[in-house]
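Contents: one structure, followed by commentary.
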Amino acid sequence: MATNIQAIRGMHDVLPEQTPLWQYAEGIIKEVLASYGYSEIRLPIVEKTELFKRSIGEVTDIVEKEMYTFEDRNGDSLTLRPEGTAGCLRACLEHGLLHHQTHRLWYYGPMYRHERPQKGRYRQFIQLGVETYGMSGPDIDAELILLMHRLWKRLGIRDKVSLQLNSLGTIAERIAYREVLVAYFQRHKDILDEDSQRRLHTNPLRILDSKNPEMKDVIANAPELMAYLGADSLAHFKAIATTLEDLGVAYEINTRLVRGLDYYSLTVFEWVTDELGSQGTVCAGGRYDGLIEQLGGKPNHAVGFAMGMERLLALLELRNDIPVAKPVDAYMVRVGEKAEREGLRFAETIRNEIPGLKLQISAEGGSFKSQFKKADKMGAEFAIILGDDEAEQGEVSIKCLRKGLEQQTMPQNQAISFLQQQLQECQ
Ligand code: ATP
Ligand code: MG
């Protein structure tokens, strides 16, 4: 016998019993984004490898070890997108969207990173990405945080996440800081792991981001970038902090929060949780004005964030009270040859008249008893019943499966208004 083929390690199916929770989250996410006037952009999953090398940078975990890169039949090097920021910016530059314009955009879809799979860390995972272009003031940075804050509240998990905030200042400020930081780590070189020793010369800020427990103390005692920020950078940071305070959004300043890439500037933030073990960052974002020039555009402004949907779903699963829609409202039981034919036709009429009704028909034959069992298993509110007698008379019987109403037989045209009325009462 042939062996079954299995999914690729770290790439998961979302089964029908899980999709309602995804759809619940996706529905609320879209509503919240729309309430701030954000538009969806849809982007390819594959891009030229060069795009990620140039944007994410060669000396990063992603580019060094995590990308799914392959040569296509033309010999071009392509990569399954490990994140969405680069592709989104590429698209906007390519289509001239950044010329004297502002944009508030979002995208949603799978990303690919060849990491060691574990809870909350997969090789294919879904991200919601939100990117804004053309706005330099702190209001837009704050808006992104407020949007997420609203999302947590709408999803009922506000108490499960907290906000960490930092500022990376300007490139010049970071260069000054970098020297101090390198000197500090040089003095503690023997404690640094291999990755960090290498990054000491290529990307020293990224050492602050290391998750190696043996380096925890040396990182905690490192000099802080905040102390090297100039007046403008501090004012930008202060304005965001004041907005958050005015609107009652709690935050914690985390001076270790960095993005080790040169194009980041000023604001960085993360929404973190301690309910998911070590995969605790649910959403990460910041300002990346410099990336636009790095990808060949004119100087401009950009702020955005990305949220990992699997981590969000794991938080939602901690709630046991989420109202998820059932796949079926009504189930049609058909027994007998004439009833099967007549039932199929009547089901189409019902769908014409009540487009919102989720109606499934029995299609496996079987006795009344077995079909009723199926109706119950599907969680239907109503069974719409046709035997040959009903079919002969142009009638139908309706039974409420959840309420203690008697089964009623009526002409088919009356059944439609009866169902409409019952459905309204259910809502
Ligand atoms: P981490 O520190 O957890 O590796 P990261 O800095 O690599 O995260 P980002 O590139 O900032 O993550 O991606 C934004 C969000 O996407 C993360 O906060 C997380 O929620 C999610 N994410 C990133 N990598 C994965 C993954 N391999 N599996 C599931 N979710 C992920
Ligand atoms: Mg990572």
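The values are calculated or read from the model by the stated rules, or taken from the named source; none is laboratory data. Remember, it's a predicted structure, so these values are computed and weren't measured experimentally. Positions of Cβ are generated from backbone atoms using ideal geometry, with glycine treated the same way; all protein chains shown enter the neighbour counts. The accessibility values were calculated without ligands, DNA or RNA, using every heavy atom of the protein model including side chains. Shrake-Rupley method; radii C 1.70, N 1.55, O 1.52, S 1.80 Å.
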Just one of (1) assigned by the TED database to the domain that holds ASP61; (2) of a type in the set (D, E, K, R); (3) open to solvent by 70 Å² or more (accessible area, probe 1.4 Å) trips up LYS160, so point out which.
(3)
Filtering region 268-284 for residues that are within 16 Å of ARG206 (Cα to Cα) and touching a helix residue (DSSP H, G or I) at 6+ places or on another chain (Cβ under 7 Å) leaves a count of 1
Could you say whether any residue in region 278-286 is away from ligand 2 (no atom under 16 Å from the Cβ), open to solvent by less than 30 Å² (accessible area, probe 1.4 Å) and either outside any loop (DSSP other than H, G, I, E, B) or in contact (Cβ under 8 Å) with a residue 12 or more places away in the chain (or both)?
no
Top-ranked residue in region 69-86 [being away from ligand 1 (no atom under 12 Å from the Cβ) and under 19 Å from TYR122 (Cβ atoms); ranked as farthest from the chain's Cα centre (by Cα)]:
THR69
What's the total number of residues in region 107-126 that are within 16 Å of ligand 2 (Cβ to nearest atom), in contact with a helix residue (DSSP H, G or I) (Cβ under 9 Å, 6 or more places away or on another chain) and either of a type in the set (S, T, N, Q) or in a strand (DSSP E or B) (or both)?
4
Condition (residue is among the polar types (S, T, N, Q), over 15 Å from TYR288 (Cα atoms) and touching a residue at least 24 places away in the same chain (Cβ under 8 Å)) applied to region 165-187: is it met by at least one residue?
no
Taking region 87-126 and keeping only residues that are touching a strand residue (DSSP E or B) at 6+ places or on another chain (Cβ under 8 Å), in contact (Cβ under 8 Å) with a residue 40 or more places away in the chain and within 11 Å of ligand 1 (Cβ to nearest atom), one is left with PRO110, TYR112, ARG113, HIS114, GLU115, GLY120, ARG123, GLN124, PHE125, ILE126
Which members of region 249-277 meet the condition of being more than 16 Å from ligand 2 (Cβ to nearest atom) and either on the phi > 0 side of the Ramachandran plot or part of a strand (DSSP E or B) (or both)?
GLU252, ILE253, SER265, LEU266, THR267, PHE269
Starting from residues that are in a loop (DSSP other than H, G, I, E, B) and touching a strand residue (DSSP E or B) at 6+ places or on another chain (Cβ under 7 Å), keep the ones in region 287-296 and report whichever is surrounded by the fewest Cβ atoms within 10 Å (Cβ to Cβ).
ASP289
Selected residue (criterion: surrounded by the most Cβ atoms within 10 Å (Cβ to Cβ)) from residues of region 127-157 that are more than 14 Å from ligand 1 (Cβ to nearest atom) and part of a strand (DSSP E or B):
TYR133
What strands (runs of 3 or more DSSP E) completely inside region 348-419 contain at least 2 residues that are assigned by the TED database to the domain that holds ARG334 and exposed (fewer than 15 other Cβ atoms within 10 Å of the Cβ)?
408-411
Residues of region 294-340 satisfying the condition of being within 25 Å of TYR122 (Cα to Cα) and not aliphatic (A, V, I, L, M)
GLY304, PHE305, GLY308, GLU310, ARG311, GLU317, ARG319, ASN320
Those residues of region 201-251 which are hydroxyl-bearing (Ser, Thr, Tyr) and over 18 Å from GLY286 (Cα atoms), in sequence order
THR202, SER210, TYR228
Checked HIS95, HIS100 against criteria (surrounded by fewer than 16 Cβ atoms within 10 Å (Cβ to Cβ), away from ligand 2 (no atom under 16 Å from the Cβ) and at pLDDT below 95); the one match is HIS100
Please specify each residue of region 12-60 satisfying the condition of being under 17 Å from GLN127 (Cβ atoms), part of a helix (DSSP H, G or I) and acidic (Asp, Glu).
GLU26
